[in-house]
1. Quick check for me: using +1 on Lys/Arg Cβ and -1 on Asp/Glu Cβ, what's the dipole size of segment 70-188 about its Cα centre, in debye to the nearest 20?
2. What Rg and what Dmax come out for segment 194-263 when only alpha-carbon atoms are used, in angstroms?
3. Would you compute, from DSSP H runs of 4+ residues alone, the mean residue ellipticity of the chain at 222 nm, taking -39500 (n - 2.57) per run and dividing by the full residue count, rounded to the nearest 500?
4. Not counting ligands, DNA or RNA, and with a 1.4 Å probe, what is His409's accessible surface area in Å² rounded to the nearest 10?
5. How many angstrom lie between the C-alpha centres of segment 181-238 and segment 357-419?
6. Just to verify a number: what accessible area does Met36 come out at with the full protein assembly present, 1.4 Å probe, Å² rounded to tens?
7. What do the square roots of 5 times the Cα gyration tensor eigenvalues come to for segment 100-142, in whole Å, largest first, as semi-axes of the equivalent ellipsoid?
8. Put Lys178, Lys125, Lys8, Lys413 in order of accessible area, largest first, 1.4 Å probe: what do you get?
Amino acid sequence: MKVVKLFKANFQPEKEELKGKTVVLLYSGGLDTSVMLKWIQEKYECSLISLTLDIGQRGKDFKKIEEKAKKLGVKKHFTIDAKQEFIDNYVFPALKANALYEGTYPLHSALSRPLLAKWAIKIAKKEGAAAIAHGCTGKGNDQVRITVTAYTINPDIKIIQPVVEWGFNREDEVEYAKKHSIPIPSQSKYSIDENLWGRSIECSDLEYPEMEPNEDAFEWTVNPKNAPDKVEYITIEFQKGIPVAINGEHMDSIKLIQKLNDIGGKNSIGRLDHLEDRIVGIKSREIYENPAAVLLISAHKDLEKSVCTTQEFAFKSLVDEKWANLVYSALWVDPLKEDLDVFINNVNERVNGEVRLKLYKGTAQIVGRKSDWALYDYNLATYEKISKFNEKASAGFMELYGLQAKLAHMIKKKNEDLE
Ligand code: ARG
(Lines give C-alpha, C1' and ligand atoms only; values in the text may rest on other atoms or scores of the structure.)
Protein backbone atom coordinates (compact mmCIF):
# COMPACT_ATOMS: atom_id res chain seq x y z
CA MET A 1 0.00 0.00 0.00
CA LYS A 2 1.27 3.44 -0.86
CA VAL A 3 1.35 5.83 2.09
CA VAL A 4 0.61 9.40 1.12
CA LYS A 5 2.51 11.75 3.34
CA LEU A 6 0.91 15.16 3.51
CA PHE A 7 3.22 18.13 3.56
CA LYS A 8 3.30 20.01 6.82
CA ALA A 9 5.14 23.29 7.25
CA ASN A 10 6.97 24.23 10.46
CA PHE A 11 4.41 26.84 11.37
CA GLN A 12 1.45 24.45 11.15
CA PRO A 13 0.51 23.12 14.60
CA GLU A 14 -0.20 19.50 15.46
CA LYS A 15 -3.73 18.95 16.69
CA GLU A 16 -2.68 18.12 20.28
CA GLU A 17 -0.10 20.87 20.46
CA LEU A 18 -2.57 23.63 21.21
CA LYS A 19 -4.74 21.78 23.72
CA GLY A 20 -5.58 24.12 26.59
CA LYS A 21 -3.59 26.93 24.98
CA THR A 22 -4.69 30.26 23.53
CA VAL A 23 -5.04 31.26 19.87
CA VAL A 24 -5.45 34.80 18.51
CA LEU A 25 -7.89 34.94 15.59
CA LEU A 26 -7.94 37.86 13.16
CA TYR A 27 -11.68 38.39 13.23
CA SER A 28 -13.75 40.42 10.76
CA GLY A 29 -17.19 39.54 12.10
CA GLY A 30 -18.25 37.90 8.81
CA LEU A 31 -19.47 34.35 8.33
CA ASP A 32 -16.08 32.74 7.58
CA THR A 33 -14.24 34.05 10.61
CA SER A 34 -17.28 33.46 12.86
CA VAL A 35 -17.45 29.82 11.81
CA MET A 36 -13.74 29.42 12.37
CA LEU A 37 -14.02 30.97 15.78
CA LYS A 38 -16.04 27.91 16.87
CA TRP A 39 -14.27 25.42 14.64
CA ILE A 40 -10.80 26.19 16.02
CA GLN A 41 -12.02 25.86 19.61
CA GLU A 42 -13.57 22.52 18.75
CA LYS A 43 -10.72 21.06 16.74
CA TYR A 44 -7.77 22.26 18.81
CA GLU A 45 -9.50 22.30 22.21
CA CYS A 46 -7.98 25.69 22.85
CA SER A 47 -9.38 29.04 23.91
CA LEU A 48 -9.68 31.98 21.58
CA ILE A 49 -8.93 35.68 21.61
CA SER A 50 -10.38 37.68 18.73
CA LEU A 51 -8.71 40.71 17.20
CA THR A 52 -10.26 43.27 14.85
CA LEU A 53 -8.37 46.19 13.33
CA ASP A 54 -10.04 49.42 12.34
CA ILE A 55 -8.16 50.55 9.23
CA GLY A 56 -11.00 52.62 7.85
CA GLN A 57 -13.44 49.97 6.59
CA ARG A 58 -16.66 51.87 5.87
CA GLY A 59 -19.85 50.96 7.68
CA LYS A 60 -18.23 48.48 10.10
CA ASP A 61 -19.73 48.51 13.58
CA PHE A 62 -16.77 47.50 15.72
CA LYS A 63 -18.88 47.34 18.88
CA LYS A 64 -21.21 44.84 17.23
CA ILE A 65 -18.25 42.77 16.03
CA GLU A 66 -16.95 42.61 19.59
CA GLU A 67 -20.36 41.59 20.95
CA LYS A 68 -20.65 38.87 18.33
CA ALA A 69 -17.21 37.46 19.11
CA LYS A 70 -18.00 37.39 22.81
CA LYS A 71 -21.29 35.62 22.18
CA LEU A 72 -19.42 32.99 20.21
CA GLY A 73 -17.21 32.29 23.18
CA VAL A 74 -13.94 34.22 22.95
CA LYS A 75 -12.26 34.78 26.27
CA LYS A 76 -11.18 38.27 25.22
CA HIS A 77 -11.64 40.60 22.28
CA PHE A 78 -9.40 43.42 21.06
CA THR A 79 -10.47 46.22 18.72
CA ILE A 80 -7.48 48.27 17.63
CA ASP A 81 -7.88 51.63 15.96
CA ALA A 82 -4.92 51.35 13.59
CA LYS A 83 -5.97 54.00 11.06
CA GLN A 84 -3.17 56.44 11.85
CA GLU A 85 -0.54 53.72 12.05
CA PHE A 86 -1.76 52.32 8.73
CA ILE A 87 -1.46 55.71 7.04
CA ASP A 88 1.88 56.73 8.56
CA ASN A 89 3.74 53.43 8.25
CA TYR A 90 2.13 51.76 5.24
CA VAL A 91 0.07 54.12 3.05
CA PHE A 92 2.41 57.12 2.97
CA PRO A 93 5.52 55.02 2.30
CA ALA A 94 3.54 53.53 -0.63
CA LEU A 95 2.61 57.01 -1.84
CA LYS A 96 6.24 58.14 -1.68
CA ALA A 97 7.03 55.08 -3.81
CA ASN A 98 4.19 55.90 -6.24
CA ALA A 99 3.31 52.28 -5.63
CA LEU A 100 1.17 50.66 -8.31
CA TYR A 101 1.56 46.92 -8.81
CA GLU A 102 1.81 46.12 -12.51
CA GLY A 103 1.25 49.80 -13.12
CA THR A 104 -2.35 49.66 -11.88
CA TYR A 105 -3.12 48.36 -8.38
CA PRO A 106 -2.43 50.79 -5.49
CA LEU A 107 -1.84 47.84 -3.11
CA HIS A 108 -4.36 48.80 -0.42
CA SER A 109 -5.09 45.16 0.52
CA ALA A 110 -1.43 44.16 0.24
CA LEU A 111 -0.37 47.00 2.54
CA SER A 112 -2.81 46.05 5.27
CA ARG A 113 -1.74 42.41 5.70
CA PRO A 114 1.66 42.99 7.33
CA LEU A 115 -0.09 45.35 9.75
CA LEU A 116 -2.69 42.69 10.61
CA ALA A 117 0.06 40.12 11.10
CA LYS A 118 2.09 42.49 13.25
CA TRP A 119 -0.86 43.13 15.56
CA ALA A 120 -1.78 39.45 15.78
CA ILE A 121 1.79 38.65 16.88
CA LYS A 122 1.78 41.58 19.31
CA ILE A 123 -1.46 40.48 20.98
CA ALA A 124 -0.30 36.85 20.98
CA LYS A 125 2.83 37.89 22.87
CA LYS A 126 0.92 40.06 25.31
CA GLU A 127 -1.59 37.29 26.04
CA GLY A 128 0.83 34.37 25.96
CA ALA A 129 -0.89 32.75 22.95
CA ALA A 130 0.83 29.92 21.09
CA ALA A 131 -0.77 30.47 17.71
CA ILE A 132 -2.55 32.92 15.48
CA ALA A 133 -5.33 32.17 13.00
CA HIS A 134 -6.65 33.95 9.95
CA GLY A 135 -9.44 33.60 7.42
CA CYS A 136 -7.46 33.63 4.16
CA THR A 137 -8.09 31.13 1.40
CA GLY A 138 -5.34 28.92 0.01
CA LYS A 139 -5.39 30.55 -3.42
CA GLY A 140 -4.59 34.14 -2.70
CA ASN A 141 -1.79 36.49 -1.79
CA ASP A 142 -3.09 37.44 1.63
CA GLN A 143 -2.22 34.06 3.21
CA VAL A 144 1.38 34.53 2.07
CA ARG A 145 1.57 38.10 3.34
CA ILE A 146 0.19 37.27 6.78
CA THR A 147 2.21 34.09 7.19
CA VAL A 148 5.56 35.45 6.02
CA THR A 149 5.24 38.61 8.16
CA ALA A 150 4.06 36.68 11.22
CA TYR A 151 6.79 34.04 11.27
CA THR A 152 9.44 36.63 10.47
CA ILE A 153 8.49 38.62 13.57
CA ASN A 154 8.09 35.49 15.69
CA PRO A 155 9.71 32.35 14.23
CA ASP A 156 8.11 30.18 16.94
CA ILE A 157 4.54 31.16 16.23
CA LYS A 158 2.08 28.55 14.95
CA ILE A 159 -0.39 29.61 12.29
CA ILE A 160 -3.83 28.11 11.73
CA GLN A 161 -5.56 28.58 8.37
CA PRO A 162 -8.94 26.89 8.79
CA VAL A 163 -10.17 27.50 5.22
CA VAL A 164 -7.51 25.15 3.85
CA GLU A 165 -7.90 22.66 6.69
CA TRP A 166 -11.61 22.19 7.00
CA GLY A 167 -12.60 21.44 3.40
CA PHE A 168 -16.00 23.16 3.80
CA ASN A 169 -17.91 24.52 0.86
CA ARG A 170 -20.42 27.31 1.32
CA GLU A 171 -23.27 24.91 2.23
CA ASP A 172 -21.12 23.10 4.79
CA GLU A 173 -20.25 26.41 6.38
CA VAL A 174 -23.89 27.48 6.60
CA GLU A 175 -24.82 24.10 8.05
CA TYR A 176 -22.01 24.34 10.60
CA ALA A 177 -23.14 27.87 11.48
CA LYS A 178 -26.74 26.72 12.02
CA LYS A 179 -25.62 23.82 14.18
CA HIS A 180 -23.59 26.14 16.41
CA SER A 181 -26.09 29.05 16.50
CA ILE A 182 -23.74 31.32 14.59
CA PRO A 183 -25.71 34.17 13.01
CA ILE A 184 -25.66 34.02 9.21
CA PRO A 185 -25.44 37.57 7.86
CA SER A 186 -26.80 38.39 4.42
CA GLN A 187 -23.73 38.26 2.25
CA SER A 188 -22.76 40.15 -0.86
CA LYS A 189 -22.12 37.94 -3.89
CA TYR A 190 -18.70 39.61 -4.06
CA SER A 191 -15.69 39.18 -1.83
CA ILE A 192 -14.87 42.62 -0.50
CA ASP A 193 -11.80 43.90 1.27
CA GLU A 194 -11.46 47.55 2.12
CA ASN A 195 -9.55 50.16 4.08
CA LEU A 196 -8.78 53.86 3.82
CA TRP A 197 -6.58 53.40 0.75
CA GLY A 198 -9.10 51.49 -1.35
CA ARG A 199 -11.66 48.77 -1.91
CA SER A 200 -11.13 45.36 -3.59
CA ILE A 201 -14.00 43.52 -5.22
CA GLU A 202 -13.62 39.91 -6.38
CA CYS A 203 -15.64 36.77 -7.28
CA SER A 204 -19.03 36.12 -8.85
CA ASP A 205 -19.49 37.52 -12.38
CA LEU A 206 -16.21 39.43 -12.09
CA GLU A 207 -14.49 36.09 -12.72
CA TYR A 208 -15.38 36.49 -16.41
CA PRO A 209 -12.75 39.05 -17.39
CA GLU A 210 -14.34 39.66 -20.79
CA MET A 211 -17.50 41.02 -19.15
CA GLU A 212 -17.88 44.58 -17.91
CA PRO A 213 -18.45 44.65 -14.14
CA ASN A 214 -21.98 45.17 -12.96
CA GLU A 215 -22.75 48.53 -11.42
CA ASP A 216 -23.53 46.82 -8.09
CA ALA A 217 -19.82 46.00 -7.67
CA PHE A 218 -19.10 49.66 -6.96
CA GLU A 219 -19.74 51.50 -3.73
CA TRP A 220 -17.20 54.28 -3.45
CA THR A 221 -17.43 55.64 -6.99
CA VAL A 222 -20.39 56.69 -9.13
CA ASN A 223 -20.77 55.72 -12.76
CA PRO A 224 -19.14 58.47 -14.87
CA LYS A 225 -22.47 59.18 -16.52
CA ASN A 226 -23.93 60.09 -13.12
CA ALA A 227 -20.99 62.28 -12.10
CA PRO A 228 -21.57 66.05 -12.03
CA ASP A 229 -21.69 67.79 -15.42
CA LYS A 230 -19.41 70.44 -13.96
CA VAL A 231 -15.62 70.38 -13.76
CA GLU A 232 -14.17 70.31 -10.24
CA TYR A 233 -10.69 71.66 -9.54
CA ILE A 234 -8.63 70.58 -6.55
CA THR A 235 -5.20 71.63 -5.36
CA ILE A 236 -3.18 69.22 -3.23
CA GLU A 237 -0.24 70.46 -1.20
CA PHE A 238 2.66 68.13 -0.31
CA GLN A 239 5.41 68.49 2.26
CA LYS A 240 8.27 66.01 2.01
CA GLY A 241 6.14 63.82 -0.24
CA ILE A 242 3.20 63.75 2.14
CA PRO A 243 -0.14 65.45 1.39
CA VAL A 244 -1.00 68.08 3.99
CA ALA A 245 -3.72 70.28 2.50
CA ILE A 246 -6.54 70.30 -0.04
CA ASN A 247 -7.45 73.63 -1.63
CA GLY A 248 -5.33 75.45 0.93
CA GLU A 249 -7.07 73.82 3.87
CA HIS A 250 -4.68 71.93 6.13
CA MET A 251 -6.10 68.81 7.73
CA ASP A 252 -4.99 65.61 9.43
CA SER A 253 -4.08 62.73 7.20
CA ILE A 254 -7.09 60.51 7.97
CA LYS A 255 -9.50 63.29 7.10
CA LEU A 256 -7.50 64.25 4.03
CA ILE A 257 -7.65 60.75 2.56
CA GLN A 258 -11.34 60.38 3.40
CA LYS A 259 -12.06 63.72 1.76
CA LEU A 260 -10.18 62.76 -1.41
CA ASN A 261 -12.06 59.46 -1.50
CA ASP A 262 -15.31 61.44 -1.36
CA ILE A 263 -14.35 64.07 -3.94
CA GLY A 264 -12.84 61.45 -6.25
CA GLY A 265 -15.70 58.99 -5.80
CA LYS A 266 -18.29 61.63 -6.65
CA ASN A 267 -16.38 62.39 -9.88
CA SER A 268 -15.96 58.69 -10.70
CA ILE A 269 -12.18 58.70 -10.22
CA GLY A 270 -10.32 55.49 -9.36
CA ARG A 271 -12.39 52.66 -10.85
CA LEU A 272 -9.78 50.09 -11.81
CA ASP A 273 -10.14 46.83 -13.72
CA HIS A 274 -7.00 44.73 -13.42
CA LEU A 275 -6.05 41.32 -14.75
CA GLU A 276 -3.51 40.64 -12.05
CA ASP A 277 -0.66 38.17 -11.63
CA ARG A 278 -0.92 36.63 -8.18
CA ILE A 279 2.08 35.32 -6.26
CA VAL A 280 0.77 31.76 -6.56
CA GLY A 281 0.71 31.97 -10.36
CA ILE A 282 -2.99 32.56 -10.99
CA LYS A 283 -4.08 35.42 -13.20
CA SER A 284 -7.12 36.92 -11.54
CA ARG A 285 -9.56 39.66 -12.48
CA GLU A 286 -9.72 42.31 -9.79
CA ILE A 287 -11.93 45.34 -9.55
CA TYR A 288 -10.74 48.17 -7.34
CA GLU A 289 -12.00 51.53 -6.18
CA ASN A 290 -9.21 53.93 -5.24
CA PRO A 291 -10.29 57.55 -5.60
CA ALA A 292 -7.83 59.05 -3.10
CA ALA A 293 -4.95 56.77 -4.08
CA VAL A 294 -5.29 57.54 -7.79
CA LEU A 295 -5.46 61.29 -7.18
CA LEU A 296 -2.59 61.32 -4.71
CA ILE A 297 -0.24 59.03 -6.62
CA SER A 298 -0.65 60.92 -9.90
CA ALA A 299 -0.21 64.30 -8.16
CA HIS A 300 2.76 63.07 -6.11
CA LYS A 301 4.53 61.57 -9.09
CA ASP A 302 4.12 64.77 -11.07
CA LEU A 303 5.52 66.92 -8.29
CA GLU A 304 8.36 64.49 -7.69
CA LYS A 305 9.28 64.71 -11.35
CA SER A 306 9.41 68.50 -11.07
CA VAL A 307 12.08 68.34 -8.39
CA CYS A 308 14.15 65.40 -9.66
CA THR A 309 16.87 65.34 -12.27
CA THR A 310 16.31 63.18 -15.34
CA GLN A 311 18.65 60.54 -13.88
CA GLU A 312 16.99 60.52 -10.47
CA PHE A 313 13.51 60.26 -11.91
CA ALA A 314 14.42 57.38 -14.21
CA PHE A 315 16.17 55.50 -11.42
CA LYS A 316 13.36 56.17 -8.96
CA SER A 317 10.84 54.64 -11.37
CA LEU A 318 12.85 51.39 -11.21
CA VAL A 319 13.06 51.56 -7.42
CA ASP A 320 9.33 52.29 -7.19
CA GLU A 321 8.47 49.32 -9.34
CA LYS A 322 10.68 47.04 -7.25
CA TRP A 323 9.12 48.41 -4.04
CA ALA A 324 5.60 47.70 -5.31
CA ASN A 325 6.63 44.20 -6.38
CA LEU A 326 8.13 43.38 -2.99
CA VAL A 327 5.06 44.61 -1.14
CA TYR A 328 2.67 42.80 -3.44
CA SER A 329 4.70 39.61 -3.18
CA ALA A 330 4.49 39.39 0.62
CA LEU A 331 8.04 40.63 1.23
CA TRP A 332 7.19 43.68 3.32
CA VAL A 333 9.67 42.31 5.87
CA ASP A 334 12.54 41.80 3.41
CA PRO A 335 15.40 44.15 4.34
CA LEU A 336 15.54 45.26 0.71
CA LYS A 337 12.27 47.13 1.24
CA GLU A 338 13.85 49.13 4.04
CA ASP A 339 16.93 49.77 1.92
CA LEU A 340 14.74 51.12 -0.87
CA ASP A 341 12.83 53.24 1.67
CA VAL A 342 16.04 55.08 2.53
CA PHE A 343 16.48 56.16 -1.08
CA ILE A 344 12.76 56.90 -1.51
CA ASN A 345 12.66 59.06 1.63
CA ASN A 346 15.78 60.92 0.61
CA VAL A 347 14.25 61.91 -2.73
CA ASN A 348 10.99 62.85 -1.01
CA GLU A 349 12.74 65.40 1.23
CA ARG A 350 12.40 67.75 -1.75
CA VAL A 351 8.86 66.86 -2.79
CA ASN A 352 7.31 70.08 -1.52
CA GLY A 353 4.72 72.09 -3.39
CA GLU A 354 1.28 72.03 -4.94
CA VAL A 355 -0.43 70.16 -7.75
CA ARG A 356 -3.69 71.21 -9.33
CA LEU A 357 -6.07 68.66 -10.81
CA LYS A 358 -9.16 68.96 -12.95
CA LEU A 359 -11.78 66.29 -12.29
CA TYR A 360 -14.50 65.50 -14.74
CA LYS A 361 -16.58 62.34 -15.21
CA GLY A 362 -13.91 59.77 -14.42
CA THR A 363 -10.81 61.68 -15.49
CA ALA A 364 -8.33 63.46 -13.27
CA GLN A 365 -6.10 65.65 -15.37
CA ILE A 366 -3.11 67.41 -13.90
CA VAL A 367 -3.34 71.02 -14.99
CA GLY A 368 -0.65 72.70 -12.90
CA ARG A 369 2.19 72.26 -10.41
CA LYS A 370 4.29 74.65 -8.34
CA SER A 371 7.30 74.07 -6.10
CA ASP A 372 10.16 76.10 -4.62
CA TRP A 373 12.26 72.99 -5.25
CA ALA A 374 11.32 72.55 -8.92
CA LEU A 375 14.12 72.34 -11.46
CA TYR A 376 11.86 74.05 -13.96
CA ASP A 377 13.32 77.43 -14.85
CA TYR A 378 11.20 79.79 -16.88
CA ASN A 379 14.24 81.71 -18.02
CA LEU A 380 15.72 78.57 -19.54
CA ALA A 381 12.51 77.10 -20.93
CA THR A 382 10.88 80.15 -22.46
CA TYR A 383 10.75 80.76 -26.21
CA GLU A 384 10.60 84.49 -25.49
CA LYS A 385 13.58 86.73 -26.17
CA ILE A 386 14.65 86.93 -22.54
CA SER A 387 15.68 83.26 -22.58
CA LYS A 388 18.98 82.59 -20.81
CA PHE A 389 19.54 79.27 -22.59
CA ASN A 390 22.68 79.41 -24.70
CA GLU A 391 21.38 78.23 -28.07
CA LYS A 392 24.78 78.72 -29.61
CA ALA A 393 26.10 75.88 -27.44
CA SER A 394 23.59 73.44 -28.94
CA ALA A 395 25.55 72.82 -32.13
CA GLY A 396 28.64 71.62 -30.25
CA PHE A 397 26.50 69.52 -27.97
CA MET A 398 24.79 67.85 -30.92
CA GLU A 399 28.07 67.16 -32.70
CA LEU A 400 29.32 65.03 -29.82
CA TYR A 401 26.01 63.71 -28.47
CA GLY A 402 25.25 61.43 -31.43
CA LEU A 403 28.88 60.49 -32.11
CA GLN A 404 28.63 56.79 -31.34
CA ALA A 405 25.34 56.30 -33.15
CA LYS A 406 26.83 57.96 -36.22
CA LEU A 407 29.96 55.79 -35.99
CA ALA A 408 27.97 52.60 -35.62
CA HIS A 409 25.92 53.33 -38.71
CA MET A 410 29.03 54.17 -40.73
CA ILE A 411 30.79 50.95 -39.71
CA LYS A 412 27.71 48.84 -40.47
CA LYS A 413 27.37 50.36 -43.90
CA LYS A 414 31.08 49.87 -44.67
CA ASN A 415 30.90 46.17 -43.79
CA GLU A 416 27.71 45.64 -45.74
CA ASP A 417 29.26 47.27 -48.81
CA LEU A 418 32.19 44.83 -48.57
CA GLU A 419 29.92 41.76 -48.68
N1 ARG B 1 -5.74 40.99 -5.39
C2 ARG B 1 -5.50 41.90 -4.33
C3 ARG B 1 -4.27 41.53 -3.58
O4 ARG B 1 -3.83 40.45 -3.67
C5 ARG B 1 -6.72 42.08 -3.44
C6 ARG B 1 -6.96 41.01 -2.46
C7 ARG B 1 -8.22 41.25 -1.71
N8 ARG B 1 -8.33 40.39 -0.59
C9 ARG B 1 -9.46 39.80 -0.22
N10 ARG B 1 -9.40 39.05 0.83
N11 ARG B 1 -10.61 39.94 -0.85
O12 ARG B 1 -3.69 42.30 -2.89
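The values are calculated or read from the model by the stated rules, or taken from the named source; none is laboratory data. Keep in mind that what you see is a predicted model, and the values were worked out from it rather than measured. Here Cβ is always computed from backbone atoms with ideal geometry, including for glycine, and neighbour counts include all displayed protein chains. To get the accessible areas, we keep the full protein, side chains included, count just its heavy atoms, and leave off ligands, DNA and RNA. Shrake-Rupley method; radii C 1.70, N 1.55, O 1.52, S 1.80 Å.
1. On the way: 17 positive and 12 negative charges, 90 e Å.
Taking the Cα centre of segment 70-188 as origin, the dipole is about 440 debye.
2. 15.9, 44
3. For the chain, the value works out to -13000 deg cm²/dmol.
4. 130
5. Centre-to-centre distance over Cα atoms comes out at 41 Å.
6. Solvent-accessible area, nearest 10 Å²: 0 Å².
7. Details: eigenvalues 143, 32, 5 Å².
Three semi-axes, in Å: 27, 13, 5.
8. Values: Lys178 145, Lys125 175, Lys8 95, Lys413 125 Å².
The ranking, largest first, comes out as Lys125, Lys178, Lys413, Lys8.
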